[in-house]
Amino acid sequence: MSVQEIQSQLAKLSPEEQASVARFLDSLRETHSPAFARELAERHREMDAGRKISEAELARILAAKSATPRS
């Protein structure tokens, strides 16, 4: 499928669906950025050094992140 075909299909989506696709693309860009790779490496070093969080703390962090409006 070409970019033009994808764009044509995206234009047919509802505003809510388009917003969902936009969030997905933002997430994709973020996870493939050099900054994300550096952050992930730093987090791994911290975990290897013994700094870890509980499952409950992770759930709290993720809930707070998903509640934060994106600009």
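The values are calculated or read from the model by the stated rules, or taken from the named source; none is laboratory data. A quick note: this is a predicted structure, and the numbers were derived from the prediction, not measured. In this analysis, Cβ positions are derived from the backbone assuming ideal geometry, glycine residues included, and neighbour counts consider all displayed protein chains.
Residue pairs whose Cβ atoms lie under 8 Å apart, sitting 6 or more positions apart in sequence or on different chains, and linking a residue in segment 44-71 that is farther than 26 Å from Ala22 by Cβ to a partner that is hydrophobic (A, V, I, L, M, F, W, C), are Ile53/Ile61.
Taken together, the criteria place Glu5 among residues that are part of a helix (DSSP H, G or I) and modelled with pLDDT of 95 or more.
Applying the criterion of being surrounded by 10 or more Cβ atoms within 10 Å (Cβ to Cβ) and not polar (S, T, N, Q) to the residues of segment 30-40, the residue that is farthest from Ser20 (Cα to Cα) is Arg38.
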